[in-house]
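Shown next, in structure tokens, is the structure this report addresses.
Coordinate-derived values only; no laboratory data. If you're wondering where the values come from, they're calculated on a predicted model, not measured in any experiment. For neighbour counting, all protein chains shown are included, and Cβ atoms are generated from backbone atoms with ideal geometry for every residue, glycine included.
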Amino acid sequence: MKKLGKLLLSKDPFQEIVMGNTALVRAMIESGTEVITSYPGSPTPEIASAISSIEFEKRPFYFEFSTNEKVATEIAYGAAINGQLSTVFFKSVGLNVASDTFMQLSLMNIIGGMIIILGDDPGLHSSQNEQDNRHYAKMSYTPILEPSSPQEAYDYYLKAADLARTKQIPVLLRLTTHVCHTKQKVSFSSWNGPYDKKRSLFNPENGPYIPVTSKVIPMKTRALKNLRAIEDEGISDSFAESVNNNNSKRGIITMGMPYLSLKDVLTQSNWPPDILKLGMTFPLPRQKILHFLKEHEEIKILEELDSEIELMIKALAFDNALSNVKIIGKENVQDWIGEYTPEKITQLLFSCWPDMVKPILSDNREITLSPRPPQLCPGCGHRSAFHAIKKALKADDIKVGDIGCHTLGHLPPYNMGDIVMCMGASPAIASGLSLNKGTRNIIAFMGDSTFFHAAMPSVINAIFNNHNFTMILMENGTTAMTGHQDNPSSGRNFNETVEKIPIRKVLEGFGVEHIFEVDAYKQQELSELVKEAITIEGFSVVIAKHPCMLKLTRQNKNKKSYVLKHVEIDQNICVLHKECIEDFACPSFSIAESGQIVVNQDLCIGDGSCRQTCPVSAINYPSGESL
Amino acid sequence: MNIYISGVGGQGAGMLSEILVRAIDYAGIDFKAVDTHGLAQRGGTVVSQIRFGEKVYTPLIRSGEAHMCIALELHEALRSMEKFICDGGILVYYDTIWEPLGVRLGNDEKIKEQNILDFCQKHKISAVKAFDKNLVDTRMQNVVILAQIAGKGLIEGVTIELIEKAMEDLMDGKLLETNLKVFRENLS
Ligand SMILES: Cc1ncc(C[n+]2csc(CCOP(=O)(O)OP(=O)(O)O)c2C)c(N)n1
């Protein structure tokens, strides 16, 4: 929305149509959050998009994209023990990266308060696993809130801020993909304007802030006592809402988005169960749960992903000798998988209470169409690079992919990526493979944002321990996959222009002896360089460089001088080698009914990187114009 | 009422949905909506779902329960209908093809507009076509679709005026001007 930035700073209460991620930003402002950090990852980057709608000078807080989630967490923590209410946000798997620091947070007296926003991804819309981060709440003794809608995301953030501040603790706010991205009309409160800047409040006497040996015991005791207090003071209970449908036989305990799916499903039920909706899922609202257990004969627990709540509730029932209530948790393997959509909830309810909902008729609507997975954009430098690199490799060479747009290289027809793990893992996995490589070459792909995020230790290790493989750095100057966030090689941070940190120089500084660099569009040269690099004994790097063309074309389209170009196929020359379609596979090429190869003008950006792939030079610019 | 919008990443399905949602809100109707973000936006199938009516809990539409499918591309039209449209529903589609990888590589069959029309006939779906042969900027195909919807009054309460008002909320200056122009030209 065009006036979003202004609206977010409004002094008066207002209502606006926003997604959950945007609603959070208003809550950050209203609650007086002073420092916010992040590393991009779906489903959370739109929080930063909303922040960017506020002019830099007018932002009542500091925001940065840090180099990774751990760094981001540490910055927020540093600010928070200096008295500033701070928030860090990232995607589900980001917590794995941050966890070494995150695990200690609850031990510390965080005088400003700290909020950790998680974007979990049941249903795997954009992630490499479905991990249920509620485990981390328990493991780290951190309270966790689970909003179900944008309105609740906003409300819960405000409450989380209160809790974090008053108890001087970290609080987790766990959203899932469809809570982050659902749009609704949210009601916001007033805002009194920015706080006066406080003085630096860090004082070692507020600590200890040093968790060594014997000092940890009192710190851990404090963390556990805080949790106890949250239960005893009725704070977890205050987040639990019951929906009374006068059903003394059946009750459902649920939370988050599954609650809304359930409400949707129950609109069609003539005998709805009572519902206890939890807001804080750790520590559990014991009193309300016990009461609910006592009031019903059968309780179904509807929780997406793992059986966290189920196990705690069963233990609670056992400890309280509640043997009359039947607690129905997860049953089939499928119950641990995927989003709890209205359809899934219907199935789950039908399998335990078949009289309550109508069964879902077996889905005879099988999709027969050709699937459309994400793919590299027209003009993408990664495509050009993959096309060239493939020509330099043998069929049995091992290609280790990494995370980013270049992961898409594993798709046909490129098949450039046999292994992918997580961000920054490729150099070390390649190192491991190279220990017994025989005659095979080992290649690791790497993106620029990922290089700075998590790959540097493994690259240094490759030099330190003298591993034998080639890393290909696909440098496009941006964090493309997650929406073009600037990274240290971009020449800008979120707030201002800064010096680029050239990856080549970093590698030289590490002591990499063999570094080759070429524009990814120069396919012949790139192919030759890769051939050379793989024959080198030891660690070598090929930097295949080309700016992200999606980003560049978008920027160019906004310039007055921009003229959109397209290539075309000279049908007099084309002899249907089909290398452009079958090997290079830019989405712009297809075969018309006439059998001729044609260029989809809606897609072609006229970059011309395809021209060199044609053995007979049939791909040209109209009337001889050149790039 | 449930509206299932689909297209290919980069076609502007998200903007189409945002405009509709605002118009629905101006009409005073409760709604929830959700768009695809992230990975799929790189040339994959993208989807927006809008549910509106007296009281809406979730934006997620169940299979076979979309009253209207809006598609920016023919494959996505068929894909969304196969799973989501209810018999007797409405399809609004932009007549363009962006072939998926499998089709381009010759592994999967091509589809044509006729496949869409056959499906619609079989399931008693009214098909409304949107197309503007003079359109240069593909990013405005979504506005051509909106013109069909508003012009023909396909969504109760969503009038031409409300769509324009929603567009004014979201765009400015030259962009707004050209979008409004395309919208108005395609109304009849
Ligand atoms: C720990 C972790 N944080 C964030 C992400 C989300 N993520 C997926 S791809 C990607 C960007 C990679 O950028 P880059 O390495 O520059 O490659 P590009 O997409 O530009 O090709 C990110 C941040 C993730 N998968 N894991």
For an R0 of 41 angstrom, estimate the FRET efficiency from the Cβ-Cβ distance between residue A:368 and residue A:535 and round to the nearest 0.05. 0.30
Contour minus Cα-Cα distance for residue A:326 and residue A:198 (0.36 nm per residue): 40.7 nm
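Give the calculated FRET efficiency between residue A:437 and residue A:49 to the nearest 0.05, with a Förster radius of 51 Å applied to their Cβ-Cβ distance.
Details: r = 44 Å, r/R0 = 0.86.
Taking R0 as 51 Å, the efficiency between residue A:437 and residue A:49 is 0.70.
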Using only DSSP helix segments of four residues or longer, with each worth -39500 (n - 2.57), what per-residue ellipticity at 222 nm results for the protein assembly as shown after dividing by its residue count and rounding to 500? -10000 deg cm²/dmol
Just need the relative contact order of the stretch A:1-118 here, percent rounded to a whole number, with Cα pairs under 8 Å and 6+ apart. 28 percent
Describe numerically, in nm with one decimal, the distance between label points set 7 Å from Cα along Cα→Cβ at residue A:461 and at residue A:415. 3.0 nm
Work out the mean other chain Cβ neighbour count within 10 Å for the residues of B:40-52 and drop it here as an integer. 4
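Calculate, in nm to one decimal, what residue A:2 and residue A:100 gain on full extension: separation in residues at 0.36 nm each, minus their alpha carbon distance. Kindly include the intermediate steps, with their values, before the conclusion.
Details: separation 98, 0.36 × 98 = 35.28 nm, distance 4.00 nm.
Stretched out fully, the residue A:2 to residue A:100 stretch lengthens by 31.3 nm.
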Between exposed chymotrypsin sites (Phe, Trp or Tyr not before Pro) in chain A, where DSSP calls loop and at most 13 other Cβ atoms lie within 10 Å, what's the longest gap? A:196-561
What shape does the stretch B:1-138 have by the C-alpha gyration tensor, where a ≥ b ≥ c are the square roots of the eigenvalues, rounded means a/c under 1.5, and otherwise prolate means a/b greater than b/c and oblate the rest? prolate
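Going by average Cβ density within 10 Å per residue, which order do the peptides B:152-163, B:1-12 take, highest to lowest?
Going from most to least packed, we get B:1-12, B:152-163.
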What is the helix-to-structure angle for A:216-232, meaning the angle in degrees between its Cα long axis and the longest Cα principal axis of chain A, kept from 0 to 90 and rounded to the nearest 10? 60 degrees
With a Förster distance of 35 angstrom and the Cβ-Cβ distance between residue A:135 and residue B:112, calculated FRET efficiency to the nearest 0.05 equals 0.10
Taking chain B as a Gaussian network, Cα atoms linked when under 10 Å apart, which of B:95, B:87, B:118 shows the biggest mean-square fluctuation? B:118
Loop only by DSSP, 13 or fewer other Cβ within 10 Å of the Cβ. Give me the trypsin sites (Lys or Arg not before Pro) in the stretch B:34-86 that pass, ordered by residue number. B:55
Could you compute the net charge surrounding residue A:96? Neighbours are other residues with a C-beta less than 11 Å from the C-beta of residue A:96; K and R count +1, D and E count -1. 0
Can you give the angle from 0 to 90° between the axis of helix A:20-30 and the longest principal axis of chain A, with both taken from C-alpha atoms, to the nearest 10? 60 degrees
In terms of the alpha carbon gyration tensor, root eigenvalues a ≥ b ≥ c, rounded if a/c is under 1.5 and otherwise prolate when a/b exceeds b/c or oblate, the protein assembly as shown is oblate
Using 0.36 nm per residue of separation minus the Cα-Cα distance, give me the extension gain between residue A:350 and residue A:232 in nm, one decimal. 38.8 nm
Dividing the mean separation of Cα pairs under 8 Å (6+ apart) by the residue count of chain A yields a relative contact order in percent of 10 percent
Given Cα pairs under 8 Å that are at least 6 residues apart, what percent is the relative contact order of the stretch A:545-627? 36 percent
Using the Cα gyration tensor of the stretch A:237-352, with a ≥ b ≥ c the square roots of its eigenvalues, what is the shape: rounded (a/c below 1.5), prolate (a/b larger than b/c) or oblate (neither)? rounded
Considering only DSSP beta bridges with both partners in the protein assembly as shown, what is the antiparallel share in %, to the nearest 5? 30 percent
Give me a single rounded figure for A:375-384: the average over its residues of other chain Cβ atoms within 10 Å of their Cβ. 2
Per residue of B:73-83, how many C-beta atoms from partner chains lie within 10 Å of its own C-beta, taken as a mean? 3
Rounded to the nearest Å, what's the spacing between the alpha carbon centres of the stretch A:280-308 and the stretch A:64-143? Just the number, please. 26 Å
Given points 7 Å out from each Cα along the Cα-Cβ axis, report the residue B:121 to residue A:162 separation in nanometres with one decimal. 6.3 nm
With axes computed from alpha carbons, what is the tilt in degrees of helix A:286-295 against the longest principal axis of chain A, rounded to the nearest 10 within 0 to 90? 70 degrees
